[in-house]
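Read the structure below first, then the notes.
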Amino acid sequence: MKNSPENANINPDFKHYTVMLHEAVDALIPAGEVSDKIYIDATLGGGGHSSLIASRLSEYGRLISFDVDSDAIKAAAEKLKPYKNVTIVKDSYVNIKENLERLGIEKITGGIIFDLGASYHQLTKAERGFSFTKDASLDMRFNMEQEFRAWDIVNKYTQSDLVRIFSEYGEERFSKRIAKAIVENRPLNTTLQLSELIVNSTPKIKSKIHPATRVFQALRIEVNKELLNFENTLNEVVTLLDSNAIISVISFHSLEDRLTKRAFKKYSLECRCDRTKPVCDCGGKLIEIITKKPILASDDEVKTNPPSRSAKLRVAKRV
């Protein structure tokens, strides 16, 4: 989820908090410096990171920002109006390579930032269907032009597939009970119907989080193919980066962070070839890991924006 007073929104209907604003952007362009390189904001959101990056570009620098959410693009476009060298692309970051080719860009010379997960606006706008505390249709799409919704998963997936996504994407310990209850009580059409079913089908245990939290996270990830898209894009982006360009990744749960850590480790190896190969042909080490341990949000930021407590920032540099 995306915090900082620098990022007060022009559009009062679009609430957005940019987590670790300065830490993430400083990794790309240190404070006080001006860059004439090309940067990518893979997850535009409310434009917090993009606006700070843009403010540090010379007239020769360039920023391309991606998002599929029309609400986010509308709000961010207002914030980015003062900057003439910013291009907003309404498309998923999975299509970065194709869009850069269309724009005549061969290499990302400065760096790229990923701010993963859903935005505050998406999670709290009732009709988007992300919240288990507000009644709405089971939706959860980042891209409202996409047809596939959470409703399709809840009402069409087999019981075993529901168990799989709740276990893998939500790390839900009661996946089997919840999946069985869903199948037995179909159709389920609203967020509150699903939330109440989860509460009623699981043991009452002491926990700081609502019983539906992990299932709703799993559904959101499956609807938007978040982990698959991120993993594939991260692997592709490494080859698009120019020497010394930076990858800055903010994740909000262990699955995203684990993917980032694993990818960084793989591409930082001197050789990635199968050990049975007599000669190395993988191209050798591609990145240098800058953050040996993830950077966490400051105490002050967590006090201002509690969801930032789960954020982790990892940074690497192309060699």
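The values are calculated or read from the model by the stated rules, or taken from the named source; none is laboratory data. Not measured: the values here are computed from a predicted model. Cβ placement follows ideal geometry from the backbone for every residue including glycine, while neighbour counts extend to all protein chains displayed. The accessibility values were calculated without ligands, DNA or RNA, using every heavy atom of the protein model including side chains. Shrake-Rupley method; radii C 1.70, N 1.55, O 1.52, S 1.80 Å.
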What accessible surface, in Å², does a 1.4 Å probe find on SER254, ignoring ligands, DNA and RNA and rounding to the nearest 10? 50 Å²
With θ set to phi - 60° and the Karplus curve 6.51 cos²θ - 1.76 cosθ + 1.60, what are the ³J(HN,Hα) couplings of the stretch 35-50 in order, to the nearest whole Hz, using x for Gly and Pro? 10, 10, 9, 9, 10, 10, 9, 6, 9, 4, x, x, x, x, 5, 4
If you roll a 1.4 angstrom probe over the protein chains with everything in place, what fraction of the accessible area of the stretch 175-249 belongs to carbon and sulfur, to the nearest %? 50 percent
How many percent of the accessible area of the stretch 66-114 is carbon or sulfur, using a 1.4 Å probe? 49 percent
For Cα extents along the principal axes in Å, the choices are [x] 84, 57, 44; [y] 58, 58, 40; [z] 54, 47, 40; which was calculated from the structure? [y]
State which entries of LYS125/LYS312; LYS156/LYS266; LYS208/LYS312; LYS208/LYS293; LYS134/LYS312; LYS208/LYS317 exceed 31 angstrom in Cα-Cα distance in the structure shown. LYS156/LYS266; LYS208/LYS317
Positive end of the charge dipole of the chain (Lys, Arg +1 and Asp, Glu -1 on Cβ, about the Cα centre): tell me which of ALA76, PHE264, SER243 has its Cα farthest that way. PHE264
Given an 8 Å cut-off on Cα distances and at least 6 residues of separation, report the relative contact order of the stretch 55-103 as a percent. 45 percent
Most to least accessible of ARG258, ARG141 (protein chains only, probe 1.4 Å): ARG258, ARG141
Once you sort the root eigenvalues of the Cα gyration tensor of the stretch 52-97 as a ≥ b ≥ c, which label holds: rounded (a/c under 1.5), prolate (a/b larger than b/c) or oblate (the other case)? oblate
Within the stretch 169-239, which trypsin sites (Lys or Arg not before Pro) sit in a loop by DSSP and count at most 11 neighbouring Cβ atoms inside 10 Å? LYS204, LYS206, LYS208
For the chain, what is the mean residue ellipticity at 222 nm derived from helices alone (per DSSP H run of n ≥ 4: -39500 (n - 2.57); sum divided by total residues; nearest 500 deg cm²/dmol)? -11500 deg cm²/dmol
Chymotrypsin sites (Phe, Trp or Tyr not before Pro) within the stretch 65-152, DSSP loop, no more than 16 other Cβ atoms inside 10 Å: TYR83, PHE148
Relative contact order (percent, whole number), the stretch 165-214, Cα cutoff 8 Å, 6+ residue spacing: 40 percent
For the stretch 132-214, the charge dipole (Cβ of Lys, Arg +1; Cβ of Asp, Glu -1; about the Cα centre) points to a positive end, and the Cα of PRO187, SER167, LEU138 closest to that extreme belongs to SER167
Quick one: accessible surface of VAL302, probe radius 1.4 Å, all protein chains present, in square angstrom to the nearest 10. 40 Å²
Among the DSSP beta bridges whose two residues both lie in the chain, what percent are antiparallel, rounded to the nearest 5? 40 percent
Per residue solvent-accessible surface (Å²) - the chain, probe of 1.4 Å: 48 Å²
If you place +1 on the Cβ of every Lys and Arg, -1 on the Cβ of every Asp and Glu, and leave all else neutral, what size is the dipole of the chain about its Cα centre, to the nearest 20 Debye? 1020 debye
Expressed as a whole percent, how much of the Cα-Cα distance distribution for the stretch 76-223 exceeds 23 Å? 45 percent
